[in-house]
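So the structure is just underneath, and the comments pick up after that.
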Amino acid sequence: MNQVWQDLRYALRALAKNKGFTFVALLTLALGVGATSAVFGVVNAVLLKPLPFAQPERLIKLEERHSDWPSHGFAYANFADIAHSTRTLEELAAYRSWLFTLSGDAEPENIDGYRVSGEFFNALGVAPQLGRTFLPEDNHAGNEPVAVLSDGLWKRRFGSDPHIIGKTCKINGAPARIIGVMPASFRFPENAGLWMPLALNESLLTNRRAHLYTVIARLKSGATLAQARAETQSLAKAIDAQNKDVDPNWTAYPSPFQERLVAPVRFPILLLFGAVSFVLLIACANVANPLLARAAGRSKEIGVRIALGAGKSRIVRQLLTESLVLATIGSVLGLLVANFGLRIIIQLSPGDVPRLQDASIDWRVLAFTLLVTALTGVLFGVAPALQAFRVDLQNSLRESRRTSLSSAQLRLRSALVVSEIALALVLLAGAGLLANSFLRLLRVPLGFNPQKLLTLQLFLPEASESASDTHSSQVISAILERVRTLPGVQSASAVNSLPVTGGVSTDFTIVGRPPVKSGDEPSADICVIDAAYFRTMQIPLLRGRDFSARDSASAPKTMVINQTMAEKFWPGQDPLGARVTMLDWGPPLTGEVVGIVGDVKPNGPQEPVGSMIYWSNPQFPSLWNYLVVRTTTSDPFSVVAGIKAHVRAVDSEQPVSQIRTMEQVLGESLAQRRFSLVLIGIFAALSVLLAAIGVAGVMAFLVAQRTQEMGIRMALGAQHKDVFELILGQGLRMAFLGLLIGLAGAFGLTRLLSGMLYGVKPGDPLTFALVSAFLVGVALLACWLPARSATRVDPMVALRYE
């Protein structure tokens with residue numbers, strides 16, 4: 001133990017003596033370890049931490065899977081039948097997202113929440129901090145509406161009222177009794193403000209085609225996942241047989257809930273972790289290079305210590321101790337960087353990464369950082385330490401002031417630089433491909449004009465889901481009539497879901513054509529609009545007519561379809577006048593095709609355009625509505641106050657939420673791609689910076705090593721240009737070798753990005769050429785200063801250099 005303390009004290013003195021080296025090394029390690037620990041904090045929070053529920057390993061997600069669609073939400077009727085019959089699962093619960101209008105004494109507001117079945121909170125094993133959660137009987141239609149609040153909503157809206165249980169508030173225009181408040185630690189699903197029962201009705205209990213619900217359950221004690229899969233698949237087959245192939249070719253498939261929850265983000269997060277690991281390797285190489293130089297410079301010291309009786313293993317331990325001390329201090333600083341970096345990642349991230357808000361520097365991250373500290377200390381310290389075994393005692397004791405490296409040591413230092421450049425190129429190529437893909441997405445024609453377009457969300461809960469109820473369309477019409485009179489408003493309309501954000505869909509049949517086998521019907525997206533929508537969005541009408549006042553609730557049903565649907569189902573024909581039946585939303589609804597419009601990207605710029613059916617709002621009213629307002633001003637937000645005033649004039653309890661320009665909506669649809677691009681871009685930039693520092697450091701050392709040679713060359717007539725080119729050429733040879741190795745690695749590793757690219761192949765030659773040219777330029781810049789200093793060598797001084 002005494003020797004360990006001696007080694008530690010000696011290591012600290014040695015680092016304090018070489019302040020310049022220590023500062024650069026610690027900064028490099030802090031960046032490498034800090035970035036790696038920050039990304040591991042994300043991996044830990046999202047992928048590794050058990051879900052914060054009771055016995056999370058027993059929690060599963062149950063999905064409907066179809067032959068033509070790998071994963072579906074559940075139809076409630078199918079869920080109810082499986083819940084009634086299963087013997088391997090318990091506490092089955094169904095839920096779906098909902099928008100609630102909360103009004104009363106305070107200003108009305110829209111609250112993101114969920115409709116859940118009575119078993120929802122029991123399935124998760126979470127108890128409220130106040131009151132109770134739902135019971136199965138709370139789901140029955142006609143019962144008193146009840147609600148459970150999130151801790152955040154309880155504190156913000158109700159001032160943490162300890163007597164809130166039993167009080168009523170106005171939710172969706174009707175009184176609802178508050179029965180519970182969840183603890184602050186419960187935030188599931190993400191951003192939920194309140195929960196209400198499903199309020200079952202006949203439509204929910206019989207419709208087997210509307211796949212609206214997420215289903216969770218628990219494995220019964222003693223049951224296995226394999227048994228649950230076999231049973232639920234058997235039950236699904238029996239349900240299908242009993243319902244005369246209403247929605248055939250489906251099966252029920254249970255999976256571990258955490259696995260399915262994080263599935264959409266697992267690959268991007270692991271990709272980021274792989275990218276930041278490259279940064280850490282480059283940082284280690286950057287520290288190893290000057291350590292090799294220091295070890296060579298200390299050969300005389302090491303020789304003296306060996307001559308005085310120190311064993312080589314003792315010297316190796318001392319050098320490794322110095323490396324570990326350096327790594328430990330760098331890692332402590334890295335934790336500060338990690339804490340800052342983690343906050344930046346959370347701020348940059350899209351809102352759909354589950355549990356990212358819980359990311360922190362906890363014991364797992366600390367343990368990971370400790371492991372990284374040990375590995376990096378050994379990784380960049382082992383080569384200098386092993387030099388002690390190869391010290392020539394006589395030569396080291398005769399060594400002059402000038403330190404030289406053996407050819408093997410020079411090759412090792414060059415190999416480290418080459419590896420830095422190769423790793424940097426792989427990261428730079430990945431960032432370049434993502435950037436190229438992102439720029440292409442920004443140029444994708446959307447089918448409408450997003451400029452000067454304002455969007456606002458309304459929720460009209462009083463409207464039923466039946467097409468015969470005209471309340472919502474009447475309210476929307478009254479609001480739009482007022483909004484269109486505002487100064488600065490060119491046109492205004494309403495739609496159930498905005499372009500590029502996704503929406504609902506339906507299977508359909510075409511009247512008069514041979515019957516299609518049940519389950520094989522084609523599908524189309526549904527858009528519910530008013531008569532001014534195409535004009536407001538500047539979507540071109542190609543044939544036929546637009547909706548008008550004659551398409552009222554009592555008039556024969558009409559629809560407009562997009563160009564893709566017309567060309568796919570009526571190739572070379574005129575679809576105007578054709579009749580199409582929508583199957584999945586209550587009783588089948590048949591409408592006549594009266595118009596064809598241009599294609600619009602409904603699910604994001606990266607997704608292909610499919611069939612689209614537009615319904616008139618009076619004939620198919622929607623609870624969810626977005627106002628889309630085209631302004632004449634460059635700042636669409638200038639009309640927000642006037643719009644809110646007109647909404648309140650029509651309905652004083654109607655809130656307006658999600659006020660965004662259409663360009664912001666488009667930006668949000670690309671948020672996941674932007675997040676990956678920004679982080680990988682940051683890591684790539686950091687890797688290039690570290691590689692440039694590594695190249696410059698090695699070249700500066702080599703110039704110092706060859707000072708006498710440069711003096712002799714210049715004394716014999718070499719020009720400054722010749723010396724400059726000699727040093728520059730040596731650096732470029734390492735750079736080009738690194739580029740060749742990096743290109744080979746990039747061609748292989750960028751294949752992993754194929755699912756994240758749009759319009760760009762993983763081996764895109766233009767991207768690879770550009771990033772290679774950029775890295776060559778960085779290498780030239782890094783070599784320029786050392787090469788320039790070599791030209792300033794005084795031949796007379798260099799000839800006496802010893």
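The values are calculated or read from the model by the stated rules, or taken from the named source; none is laboratory data. Everything numeric here is computed off the predicted structure, so don't read it as measured data. Neighbour counts are summed over all protein chains in view; Cβ atoms, including those assigned to glycine, are modelled from backbone coordinates with ideal geometry. Surface areas here come from the heavy atoms of the whole protein model, side chains and all, with no ligands, DNA or RNA. Shrake-Rupley method; radii C 1.70, N 1.55, O 1.52, S 1.80 Å.
What the table below lists for this structure:
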| item | result |
| --- | --- |
| Options Asp81, Asp68: the member that is acidic (Asp, Glu), modelled with pLDDT of 90 or more and either open to solvent by less than 40 Å² (accessible area, probe 1.4 Å) or out of contact with any Cys (no Cβ under 6 Å at 6 or more places or on another chain) (or both) | Asp81 |
| Hits in the range 632-658 - residues which are in contact with a Phe, Trp or Tyr (Cβ under 9 Å, 6 or more places away or on another chain) and open to solvent by less than 60 Å² (accessible area, probe 1.4 Å) | Gln654, Pro655, Ser657 |
| Residue satisfying all of: in the range 179-192; surrounded by fewer than 20 Cβ atoms within 10 Å (Cβ to Cβ) and under 19 Å from Ile165 (Cβ atoms); nearest to the chain's Cα centre (by Cα) among these | Phe186 |
| Residue match in the range 247-254 (condition: closer than 30 Å to Leu15 by Cβ, modelled with pLDDT under 85 and open to solvent by 30 Å² or more (accessible area, probe 1.4 Å)) | no |
| Selection within the range 147-156 - touching a strand residue (DSSP E or B) at 6+ places or on another chain (Cβ under 7 Å) and either assigned to a helix (DSSP H, G or I) or loosely packed, with under 14 Cβ neighbours inside 10 Å (or both) | Asp151, Leu153, Trp154 |
| Subset of the range 556-575 [surrounded by fewer than 22 Cβ atoms within 10 Å (Cβ to Cβ) and not in a loop (DSSP other than H, G, I, E, B)] | Thr558, Gln563, Thr564, Glu567, Lys568, Phe569 |
| Residues within the range 209-245 that are touching an Asp or Glu at 6+ places or on another chain (Cβ under 7 Å), charged (D, E, K, R) and either within 23 Å of Gly125 (Cα to Cα) or surrounded by 21 or more Cβ atoms within 10 Å (Cβ to Cβ) (or both), tallied | 2 |
| Residue selected from the range 480-518 under the condition under 26 Å from Asp574 (Cα atoms) and among the small types (Gly, Ala, Ser), by the criterion least open to solvent (accessible area, probe 1.4 Å) | Ser505 |
| Pairs where the first residue, in the range 485-505, is farther than 27 Å from Ala671 by Cα and the second is β-branched (Val, Ile, Thr) and surrounded by fewer than 20 Cβ atoms within 10 Å (Cβ to Cβ), C-beta under 6 Å, 6+ apart | Gly488/Thr632; Gly488/Thr633; Gln490/Thr632 |
| The range 757-802, residues that are under 24 Å from the mean Cα position of the chain (by Cα), modelled with pLDDT of 90 or more and open to solvent by less than 30 Å² (accessible area, probe 1.4 Å) | Leu757, Val760, Pro762, Asp764, Thr767 |
| Selected residue (criterion: nearest to Val650 (Cα to Cα)) from residues of the range 479-531 that are part of a loop (DSSP other than H, G, I, E, B) and basic (Lys, Arg) | Arg484 |
| In the range 157-182, the residues that are among the aliphatic types (A, V, I, L, M) and either over 16 Å from Gly131 (Cα atoms) or not in a loop (DSSP other than H, G, I, E, B) (or both) | Ile171, Ala174, Ala176, Ile178, Ile179, Val181 |
| Residue among Val215, Val262 that is among the β-branched types (Val, Ile, Thr) and either closer than 30 Å to Ala38 by Cα or modelled with pLDDT under 90 (or both) | Val262 |
| Residues (among the β-branched types (Val, Ile, Thr), under 26 Å from Glu668 (Cβ atoms) and in a loop (DSSP other than H, G, I, E, B)) located in the range 330-366 | Val353 |
| Test for Leu59: is it touching a residue at least 24 places away in the same chain (Cβ under 8 Å) and within 18 Å of Leu225 (Cα to Cα) | yes |
| First in the range 162-182 and more than 10 Å from Ala147 (Cα to Cα) and of a type in the set (A, V, I, L, M, F, W, C), second anywhere and at pLDDT 95 or above and exposed (fewer than 15 other Cβ atoms within 10 Å of the Cβ), Cβ under 7 Å, 6 or more apart | Met182/Gln129 |
| Single condition Ser97 does not satisfy, out of (1) open to solvent by 50 Å² or more (accessible area, probe 1.4 Å); (2) in a strand (DSSP E or B); (3) more than 21 Å from Ala147 (Cα to Cα) | (3) |
| Unmet criterion (only one of (1) of a type in the set (Ser, Thr, Tyr); (2) at pLDDT below 90; (3) outside any strand (DSSP E or B)) for Ser37 | (2) |
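So that you can scan it fast, the table gives a plain yes or no per residue for (1) aromatic (Phe, Trp, Tyr); (2) at positive phi; (3) touching a helix residue (DSSP H, G or I) at 6+ places or on another chain (Cβ under 9 Å):
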| position | (1), (2), (3) |
| --- | --- |
| Ile60 | no, no, yes |
| Glu64 | no, no, yes |
| Arg87 | no, no, yes |
| Ala94 | no, no, yes |
| Asp105 | no, no, no |
| Gly125 | no, yes, yes |
| Leu130 | no, no, yes |
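To keep it simple, each residue is scored yes or no on (1) on the phi > 0 side of the Ramachandran plot; (2) in contact with a Lys or Arg (Cβ under 7 Å, 6 or more places away or on another chain).
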{"site": "Ala478", "(1), (2)": "no, no"}
{"site": "Ala492", "(1), (2)": "no, yes"}
{"site": "Val495", "(1), (2)": "no, no"}
{"site": "Val500", "(1), (2)": "yes, yes"}
{"site": "Thr506", "(1), (2)": "no, no"}
{"site": "Arg513", "(1), (2)": "no, no"}
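Results for (1) closer than 25 Å to Arg443 by Cα; (2) open to solvent by less than 10 Å² (accessible area, probe 1.4 Å); (3) charged (D, E, K, R), shown as yes or no for each residue.
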site	(1), (2), (3)
Pro587	no, no, no
Thr590	no, no, no
Val597	yes, yes, no
Gly604	yes, yes, no
Trp615	no, yes, no
Gln619	no, yes, no
Leu623	no, no, no
